[in-house]
Every structure is written in C-alpha cells, then in structure tokens.
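Below is one structure, written out as structure tokens; comments come after it.
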Amino acid sequence: MEHNNNALYNLRHSAAHLLAHAVTELYPTTKLTIGPVTEEGFFYDFLPEKNFKEEDLALIEAKMHEIAKRNLPIIQKSISKQEALKLFKDNPFKIELINAITDAEVGLSCQGDFCDLCKGGHVASTGDLKHFKILNISGSYWRADKSNQALQRISGIIFPTEQAMIDYERAKEEAAMADHRKIGKQQDLFSFNEVAAGFPFFHPKGFIIFNKLVDYIRNAQKHTYQEVRTPIIMDESLWKISGHYDHYRDKMYFTMIDERPCCVKPMSCPAHSLIFKEKPRSYRELPMRLSEFGLVHRHELSGVLHGLFRVRAFTQDDAHIFCTPDQLESEIAHVIKLATDTYHKFGFEKISMALATKPKDSMGSDDLWEKATNALRNALIVNNVKYEVREGDGAFYGPKVDMYIEDAMGRQWQCGTVQVDFNMPLNFNLTYVASDQSRQVPVVVHRAIYGSLERFMGVLLEHYKGNLPFWLAPVQVKLLTITDAQKDYAHSIMTELNKLDIRTELDESSDPIAGQIKTAQLEKVPMMLVLGKKEAADNTVTIRHRNGSQEVGLSLQAFLAKIQELNK
C-alpha cells in the first residue's frame with residue numbers, strides 16, 4: 001500500500017487519523033506518534049498518561065463512529081516548519097519528525113479541530129468512514145527501537161462496503177476455528193512456555209510433521225545440493241564483514257565467549273561463505289549449492305510473537321548457490337521450479353511472485369544492484385512467470401523474488417525467496433579460477449523454499465484445519481477395538497503396518513467404541529480401523545475415514561495394499 005491515490009490506502013489512512021482523533025478527545029493528555037497504513041489495515045502508536053486496557057477499545061471505537069457521523073471535511077494543507085513546531089510544541093515525537101523534514105514546509109491534515117502531520121492521501125470527509133473495527137492493543141517502541149520510549153499500538157481494519165466487513169468477520173471466525181495454536185494443543189503437536197517466550201517446544205507428534213518437511217526438501221534436492229552444518233554462535237567480526245552488523249543488528253542476539261563478543265546467527269549465508277573460502281575453487285566446481293536446515297535466532301518484540309508464525313528461533317531450509325554470472329538465470333529458474341513443485345505437493349495451487357528491488361538501507365553499487373535485478377527479472381520472463389514489482393522491498397545485500405502461496409481461506413503467505421547477491425562475495429573476498437586461469441568473483445544466490453519450517457508448518461495446519469494429508473499426518477492409522485478380545489488381532493495388524501512404516505497407534509483406553517472414535521476424530525487421524533469379533537474371525541478390517549465414511553469387511557491384504565498407495 002504505497003500510493004496515495006489508491007482508494008483503499010486513502011480509506012485506511014483516514015481511519016488511522018480517525019483513531020488518533022478519537023483517542024485525543026477521550027484521553028487529551030495522550031501523546032500521538034505515528035499511524036501508518038499496513039497491508040491489512042491501519043494502526044496508531046500512542047504514549048498515554050495511563051496505559052490503555054482491552055476494555056477501552058470498545059469506547060474508542062464508539063468515539064470513532066461518533067466523529068465519523070459528524071461528516072467533518074478532511075482538509076490537506078502545507079504549513080511552515082516554524083508553524084508546525086509551534087503547533088506541536090508539547091509533543092516531542094512530532095517535534096522530532098518535523099526537525100527531520102528537509103523541506104521548508106510540512107504537510108498537515110485537519111478534520112474539525114483535530115490536525116496531524118501528514119503528506120496526504122485521504123477520503124473527502126470523516127463521513128466516508130463507516131465500516132471499521134478496532135482489533136487489538138499491543139506494545140511497540142518509538143521508531144521500532146527497543147532502546148526508545150515504549151508505546152502502545154492500537155490496530156484496526158476498515159472496509160469500503162458493509163458486505164466486505166461481513167465477509168471479513170466470517171473469514172475471521174473460520175480462521176479462529178483453524179488457528180494452528182488451537183490445533184497444536186488439540187493434537188499435542190507443540191507448546192510454548194513462559195520460560196522461553198517465543199521459542200517453540202515440539203512434542204513427539206509435532207516433530208514428526210517437522211521431520212517430514214525436512215525429509216521432503218532433503219529428498220527433492222539430494223542430487224543437486226550438498227548439505228552442511230554450521231555453528232549457531234560465531235564471532236562478531238564475521239557479521240561486520242557480511243554487513244549484518246550494520247544493517248540487521250537490532251534483530252540479533254549477542255553473547256560473550258572467552259571475553260570475545262559473539263553473535264547468535266540470524267542466518268547462515270556468512271558461514272556458507274567461509275566454507276566456500278576454505279580452499280581454492282575452480283569454475284568446474286560451480287555452481288556449488290550448499291544447503292542447511294539452519295536453526296537461526298532473531299529478536300522479535302514480545303507484542304508481535306504469534307504461535308509458530310512469529311518466533312524468536314526457527315529453522316530455515318536455507319541454501320546458497322555460488323555460481324558464475326552466466327549460470328545465474330538458470331539457477332534462479334531451478335529454484336523457482338523447486339518451490340512451485342513443493343507448494344503443489346503440499347496442496348497449494350495458487351502461487352504468486354513478487355520482485356523486490358533495492359531498499360533505502362542497502363550496501364553495494366547501483367551497477368551491481370541493476371545486474372542482480374535484471375537477472376531475476378529475466379529469469380521470471382523467460383520462464384513465463386507472472387510477477388509484480390515491490391519497490392524498495394529487497395534485502396540490504398540484494399534484490400529478491402518472494403514467493404507467495406494462497407491457503408484454503410484465501411490468505412496469502414510469503415514463504416520462499418530467491419535473492420541475488422553480488423556484494424557478499426566481495427565482502428568475503430570470494431574467488432574462483434575461471435577457464436582462462438583468471439580469478440573471478442562468484443555470484444551468490446540465497447534461497448529458501450519453506451522459509452521457516454515452523455511457520456510453514458503453522459500455515460499447513462491452518463490450510464488443512466488440522467486434517468493433514470495421509471502421508472504427512474503424525475498418526476496415520478489408529479486401531480480401535482470393540483472389546484479387549486480383539487487386542488491381539490490389533491497388535492498383529494500394527495506389526496504389519498510398522499513394517500510398511502505407517503505411523504500407527506492402538507487405543508489402549510477402556511472407552512467404549514463411540515468414545516474411541518470421538519477421540520480419534522478430535523485428533524484428526526486420517527484412518528481408523530474398527531475391529532470387532534467378525535473382523536478378527538474373518539481376518540478383515542472396517543475402515544472409518546476422517547470424514548465419517550466407512551469401508552466394511554475389507555480383507556487385510558487389500559487394506560495393506562491400499563495403505564501403501566495412500567502413503568506415496
């Protein structure tokens with residue numbers, strides 16, 4: 001949402017001002033900071049005299065509706081910096097913003113007697129703001145820097161029509177039912193504990209899913225990538241060479257080892273560069289593709305932590321491809337194909353791409369950035385991949401193509417990425433001997449398919465509402481016996497299923513069969529075998545599927561053949 005002439009941007013932008021206006025009328029001593037538009041809606045950060053509580057949000061939303069009904073014209077104008085400094089003399093946050101403006105004049109947006117610093121981009125009047133909702137309150141920091149003043153953020157969402165808001169509420173209810181945190185608890189997959197806020201604990205069944213994700217990518221790239229393992233803690237000097245210290249240190253964790261400052265790695269690329277540099281390299285070794293399921297740590301504010309979607313430690317299916325400039329476009333194409341094949345395997349059919357270009361906070365020359373961006377663009381065009389351009393969204397070291405999947409509820413998730421980097425090889429003085437015996441600098445392609453395995457697992461759980469495909473389910477078959485007399489038969493079936501590597505459980509409870517079925521359904525087990533006197537006598541099974549359908553009297557041999565086909 002970057003363009004001020006965008007109708008939805010203007011609606012959200014005006015809603016942020018309406019929120020600030022309402023808070024100002026209700027709590028006049030509150031200091032206003034900033035209130036931008038987001039991809040989902042809007043928010044405003046405040047410094048209240050007394051912290052807001054959840055119960056205050058309904059009052060704030062009601063006041064917003066009251067102001068909206070006044071139908072106040074929204075007037076955009078410019079005033080001198082001197083006037084602005086006088087107008088906001090009691091607000092140190094606004095003073096700081098005004099002093100940072102290099103122009104002689106600053107923008108001001110006014111509605112009634114409320115005015116705020118603003119470059120513009122609004123609806124005509126507050127009366128145009130009708131279908132909105134305040135969502136939540138969370139913690140934040142001034143300029144997103146934890147060393148600055150702690151603030152409170154109020155977030156909201158607004159829609160152009162009543163139907164759009166109804167659709168949103170319906171989708172929100174559906175998403176709440178499919179919340180991966182709820183599913184994780186119901187199926188005993190993972191948990192969080194206050195002793196390690198933001199760090200997930202994977203339970204046995206959850207770790208089965210995690211390992212199946214690892215297995216899939218490891219198998220998909222086994223003939224083309226070389227898997228490595230690198231340290232989690234490395235000397236601070238490494239991150240200064242790579243550029244992360246200057247551009248990323250707010251997200252990094254630090255520690256001391258033998259009085260030497262060290263960093264807990266937030267990504268694996270510098271370590272992979274050291275492996276490449278360990279010995280002289282020839283052009284015959286390129287492309288060299290190094291992969292790692294690397295555990296990385298990144299500091300996230302407590303207010304944004306959200307189940308597996310936003311954690312402080314996660315596993316990247318990371319890879320770095322060291323190649324020649326001539327190999328670059330084909331390597332990008334291979335990554336895109338691997339990603340699309342992977343997403344299709346997991347049931348995601350709607351995939352989109354976005355080319356992210358040079359950000360303001362970047363390193364390297366414009367010429368190298370242009371070469372990298374053109375390589376990505378050409379690879380997309382040659383392979384007939386549709387894409388959009390997101391200006392300024394690239395990594396600090398290079399442009400990238402981000403890959404998005406759409407889930408069953410129509411939500412988009414950014415997962416994979418392929419990034420072209422001419423800068424890090426220069427920083428680490430990486431070279432290879434070319435065919436003419438000259439020393440050349442390789443290009444590095446940074447690549448991830450899942451992005452974060454933890455986050456991708458959360459997306460999968462919500463996409464399938466916990467009903468994972470048979471091959472991915474932590475428990476694939478559950479054996480249910482009508483009486484204890486069928487336990488021996490159940491154990492013999494389990495032995496056969498174990499030989500086929502089918503993940504199987506036997507319900508050992510004393511519950512009646514109806515209770516056993518209910519438990520298995522809550523656990524979203526794809527297939528239940530109901531075993532009674534007749535099944536044991538005839539060497540057959542009755543299959544009860546997760547959706548409630550049944551297959552009665554299937555021979556054990558036919559069942560085992562069926563199960564092998566399903567597990568592919």
Checked against (1) part of a helix (DSSP H, G or I); (2) surrounded by fewer than 18 Cβ atoms within 10 Å (Cβ to Cβ), residue 222 satisfies every condition except (1)
Sole residue being closer than 29 Å to residue 456 by Cα, surrounded by 13 or more Cβ atoms within 10 Å (Cβ to Cβ) and not acidic (Asp, Glu), chosen from 397, 432: 397
Kindly list, by first and then second residue, each pair from a residue in the range 268-280 that is farther than 26 Å from residue 313 by Cα to a residue that is among the polar types (S, T, N, Q), limited to pairs with Cβ atoms under 8 Å and residues at least 6 apart or on different chains. 277/429
Restricting to the range 95-119, name every residue that is surrounded by 16 or more Cβ atoms within 10 Å (Cβ to Cβ) and in contact (Cβ under 8 Å) with a residue 24 or more places away in the chain. 97, 106, 107, 108, 109, 110, 111, 114, 115, 116, 117, 118
Hits in the range 86-109 - residues which are under 21 Å from residue 28 (Cα atoms) and more than 37 Å from the chain's Cα centre (by Cα): 86, 87, 88, 89, 90
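Conditions tested, residue by residue: (1) at pLDDT 95 or above; (2) in contact with a helix residue (DSSP H, G or I) (Cβ under 7 Å, 6 or more places away or on another chain).
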{"site": "225", "(1), (2)": "yes, no"}
{"site": "229", "(1), (2)": "yes, no"}
{"site": "272", "(1), (2)": "yes, no"}
{"site": "275", "(1), (2)": "yes, no"}
{"site": "293", "(1), (2)": "yes, yes"}
{"site": "300", "(1), (2)": "no, no"}
{"site": "314", "(1), (2)": "yes, yes"}
{"site": "320", "(1), (2)": "yes, yes"}
Can you find even one residue in the range 198-208 that is buried (at least 18 other Cβ atoms within 10 Å of the Cβ) and part of a strand (DSSP E or B)? yes
Where residue 524 falls short, out of the listed (1) at positive phi; (2) of a type outside the set (Ser, Thr, Tyr); (3) surrounded by fewer than 17 Cβ atoms within 10 Å (Cβ to Cβ): (3)
Would it be correct to say that residue 83 is in a helix (DSSP H, G or I), among the charged types (D, E, K, R) and either under 30 Å from residue 388 (Cβ atoms) or more than 33 Å from the chain's Cα centre (by Cα) (or both)? yes
Could you say whether any residue in the range 40-47 is under 32 Å from the mean Cα position of the chain (by Cα), of a type in the set (Ser, Thr, Tyr), closer than 18 Å to residue 115 by Cα and surrounded by 12 or more Cβ atoms within 10 Å (Cβ to Cβ)? yes
Assuming residue 158 fulfils every condition listed in (1) outside any strand (DSSP E or B); (2) not assigned by TED's automatic domain parsing to the domain that holds residue 314 apart from one, which condition is it? (1)
Pairs, please: C-beta under 6 Å, at least 6 apart or cross-chain, first residue within 30 Å of residue 141 (Cα to Cα) and in the range 284-308, second part of a helix (DSSP H, G or I) and of a type in the set (Lys, Arg)? 298/251; 299/251; 307/181; 308/455
Per the filter on the range 231-267, residues among the charged types (D, E, K, R), under 23 Å from residue 317 (Cβ atoms) and surrounded by fewer than 17 Cβ atoms within 10 Å (Cβ to Cβ) are 251
Can you tell me which residue is modelled with the lowest pLDDT among those in the range 124-145 that are at negative phi and within 22 Å of the chain's Cα centre (by Cα)? 145
Just to verify a result, which residue in the range 120-141, among those that are touching a strand residue (DSSP E or B) at 6+ places or on another chain (Cβ under 6 Å) and either assigned by TED's automatic domain parsing to the domain that holds residue 302 or not in a strand (DSSP E or B) (or both), is surrounded by the fewest Cβ atoms within 10 Å (Cβ to Cβ)? 120
Considering the range 86-117, residues that are in a loop (DSSP other than H, G, I, E, B) and touching a helix residue (DSSP H, G or I) at 6+ places or on another chain (Cβ under 7 Å), and then whichever is farthest from residue 150 (Cα to Cα), we arrive at 104
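Conditions (1) assigned to a helix (DSSP H, G or I); (2) touching a residue at least 40 places away in the same chain (Cβ under 8 Å); (3) outside the structural domain of residue 410 (by TED's automatic domain parsing); (4) touching a strand residue (DSSP E or B) at 6+ places or on another chain (Cβ under 8 Å), marked per residue:
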| residue | (1), (2), (3), (4) |
| --- | --- |
| 472 | no, yes, yes, no |
| 487 | yes, no, yes, yes |
| 491 | yes, no, yes, yes |
| 494 | yes, no, yes, yes |
| 502 | no, yes, yes, yes |
| 515 | yes, no, yes, no |
| 518 | yes, no, yes, no |
| 524 | no, yes, yes, no |
| 537 | yes, no, yes, no |
I'm trying to understand the selection: among the residues of the range 432-446, which are in contact with a helix residue (DSSP H, G or I) (Cβ under 8 Å, 6 or more places away or on another chain) and part of a loop (DSSP other than H, G, I, E, B)? 434, 435, 441, 442
How many residues does the range 154-176 contain that are under 21 Å from the mean Cα position of the chain (by Cα) and surrounded by 12 or more Cβ atoms within 10 Å (Cβ to Cβ)? 8
Report, ordered by the first and then the second residue, all pairs with beta carbons closer than 6 Å, sequence separation of six or more or different chains, a first member in the range 337-350 that is touching a residue at least 60 places away in the same chain (Cβ under 8 Å), and a second member that is among the small types (Gly, Ala, Ser). 339/416
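The values are calculated or read from the model by the stated rules, or taken from the named source; none is laboratory data. The shown structure was predicted, so the numbers you read here are calculated from the model rather than taken from an experiment. With ideal geometry, Cβ positions are generated from the backbone for all residues, glycine too; neighbour counts draw on all protein chains shown.
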